[in-house]
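What follows is a single structure, written as structure tokens, with notes after it.
The values are calculated or read from the model by the stated rules, or taken from the named source; none is laboratory data. What you see is a predicted model; the values in this text were computed from it and never measured. Virtual Cβ from ideal backbone geometry, glycine too; neighbours counted across all protein chains shown. Heavy atoms of the whole protein, side chains included, go into the accessibility calculation; ligands, DNA and RNA do not. Shrake-Rupley method; radii C 1.70, N 1.55, O 1.52, S 1.80 Å.
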Amino acid sequence: MGPEPVRVWAIVLAAGQATRYGSDTPKQYEHLGGQRVLDWSIDAARRTCDGVVLVVAEAFAGAPEPGVDAVVVGGATRSASVRSGLRVVPDDAEIVVVHDAARPLAGAALFDTVIGRVAAGADGAVPGIPLTDTVKRVDDRGRVRETLDRAELVTVQTPQAFRAGVLREAHRGEPEATDDAALVEELGSTVVVVPGDPRNLKITFADDLRIAALHLT
């Protein structure tokens, strides 16, 4: 007999207000390639995980979502929304994947990659893209203080996978961060970077949706 399969659950975050998108319809509910933006993220999570929790804004809490195992209302911040999702992830889940619904092009292969690195021993795994532009640190007056070594820098995407116990511990005390990897790093835990996908853009502005549609053709 082989080893027992690892129990993996996903939290798909779709509670954002999308204030920069410029539409009355939240970006995650816009249509892309015949389905909603968030459906692409749900589909990828469903293909790679044992269970899926969808975190939504209160206005969408009553909408039917047959593609997921649970729907919960998010909090006032991204971190609070993750904690809302974590509360309903079963205790026997060994790996938790957190993904932004506004990244519809992540694909199942990227989910599998980050899950695989955690299953192999890392506390967390995140997709990263090397920088090609020169990056400078500036002060509040716009004056350059430092030119950073871009060889040591990546931009980070979701999905991000973590050992479930580590992620729960990272959220103890209700800390805030722009992604979950930052909270896990604060514990001194090991987070590794895997190759990200340049097509895995985050829908932030209306033009991003048009670009995503081009990638589907």
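Residue-wise test of (1) touching a Pro at 6+ places or on another chain (Cβ under 9 Å); (2) in contact (Cβ under 8 Å) with a residue 24 or more places away in the chain; (3) over 24 Å from residue 42 (Cβ atoms).
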{"position": "104", "(1), (2), (3)": "no, yes, no"}
{"position": "111", "(1), (2), (3)": "yes, yes, no"}
{"position": "141", "(1), (2), (3)": "no, no, yes"}
{"position": "144", "(1), (2), (3)": "no, no, yes"}
{"position": "148", "(1), (2), (3)": "no, no, yes"}
{"position": "168", "(1), (2), (3)": "no, yes, no"}
{"position": "176", "(1), (2), (3)": "no, yes, yes"}
{"position": "180", "(1), (2), (3)": "no, yes, no"}
{"position": "193", "(1), (2), (3)": "yes, yes, yes"}
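I want to confirm something. Restricting to the range 196-217 and keeping residues that are of a type in the set (D, E, K, R) and under 20 Å from the mean Cα position of the chain (by Cα), which single residue is surrounded by the fewest Cβ atoms within 10 Å (Cβ to Cβ)?
Selected residue: 199.
Pairs, please: C-beta under 8 Å, at least 6 apart or cross-chain, first residue in contact (Cβ under 8 Å) with a residue 24 or more places away in the chain and in the range 33-46, second open to solvent by 50 Å² or more (accessible area, probe 1.4 Å) and part of a helix (DSSP H, G or I)?
33/40
I'd like to verify a number: residues in the range 131-186 that are open to solvent by less than 50 Å² (accessible area, probe 1.4 Å), out of contact with any helix residue (DSSP H, G or I) (no Cβ under 8 Å at 6 or more places or on another chain), assigned to a helix (DSSP H, G or I) and under 18 Å from residue 89 (Cβ atoms), how many?
Final tally of qualifying residues: 2.
Test each condition in (1) surrounded by 23 or more Cβ atoms within 10 Å (Cβ to Cβ); (2) touching a strand residue (DSSP E or B) at 6+ places or on another chain (Cβ under 6 Å) for residue 103 and report the one that comes out false.
Just one mismatch for residue 103, condition (2).
From the list 20, 47, 78, exactly one residue is closer than 28 Å to residue 175 by Cα and modelled with pLDDT of 95 or more. Which is it?
After applying the criteria, what remains is 78.
Of the residues that sit in the range 68-89 and are in contact with a Ser or Thr (Cβ under 8 Å, 6 or more places away or on another chain) and of a type in the set (A, V, I, L, M, F, W, C), which one is least open to solvent (accessible area, probe 1.4 Å)?
72
Right, residue 92: under 16 Å from residue 41 (Cα atoms), acidic (Asp, Glu) and open to solvent by 30 Å² or more (accessible area, probe 1.4 Å) or not?
No; evaluated as a whole, the condition is false for this residue.
Would you be able to tell me the number of residues in the range 98-140 that are over 19 Å from residue 216 (Cβ atoms) and within 11 Å of the chain's Cα centre (by Cα)? Break it down into steps so the answer makes sense when it comes.
Taking the range 98-140 and keeping what is over 19 Å from residue 216 (Cβ atoms), we get 98, 112-140.
Keeping just the survivors that are within 11 Å of the chain's Cα centre (by Cα) gives 98, 126-127.
Of the residues in the range 98-140, 3 are over 19 Å from residue 216 (Cβ atoms) and within 11 Å of the chain's Cα centre (by Cα).
All but one of (1) open to solvent by 30 Å² or more (accessible area, probe 1.4 Å); (2) under 19 Å from residue 127 (Cα atoms); (3) assigned to a loop (DSSP other than H, G, I, E, B); (4) not acidic (Asp, Glu) hold for residue 193; which doesn't?
Tallying (1) open to solvent by 30 Å² or more (accessible area, probe 1.4 Å); (2) under 19 Å from residue 127 (Cα atoms); (3) assigned to a loop (DSSP other than H, G, I, E, B); (4) not acidic (Asp, Glu), residue 193 fails exactly one: (3).
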